[in-house]
1. Considering only residues that are assigned to a helix (DSSP H, G or I) and touching a helix residue (DSSP H, G or I) at 6+ places or on another chain (Cβ under 6 Å), which ones fall in region 95-116?
2. If you take the residues in region 77-94 that are under 17 Å from the mean Cα position of the chain (by Cα) and assigned to a helix (DSSP H, G or I), which one is surrounded by the most Cβ atoms within 10 Å (Cβ to Cβ)?
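Here, each number is a calculation from the coordinates, and none is a lab measurement. Predicted model, so just to flag it, every value in this text is computed and none were measured. Glycine gets a Cβ as well: all are built from the backbone with ideal geometry, and neighbour counts include every protein chain shown.
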């Protein structure tokens, strides 16, 4: 992730380590921040009392086994970043290039949350490629 410093205008490169932690490449990850410090101050938990009329409520977590909706053809083209008129070779090239960023083997050194996110993204890319491969035979 690239971040531009507001004071000196330099571009800093940071590597994500999960749970909102980032560090420069090669540096160890910073210590984890407790959950109560990560929560916005306007969000209350049930232990702190009920939320007022103007306070935001915490969203219930999404069930882990909930399957994402199936891809449409246009979503598959957008996910792979190709045009409708692309050929099979360009489709394969786009899939390889996109999958390099989120392949599970490439992110095995990162936090478990990022590994799960990368696996989900890779499965969506694979689903998009398989859908479009049926439309573009060799």
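1. First, the residues of region 95-116 that are assigned to a helix (DSSP H, G or I): 95-102, 112-116.
The answer is 95, 98, 99, 102.
2. At the first step, the residues of region 77-94 found to be under 17 Å from the mean Cα position of the chain (by Cα) are 78-81.
Going one step further and asking which of them are assigned to a helix (DSSP H, G or I), we end up with 78-80.
Numbers: 78: 12, 79: 20, 80: 23.
In this case the residue turns out to be 80.
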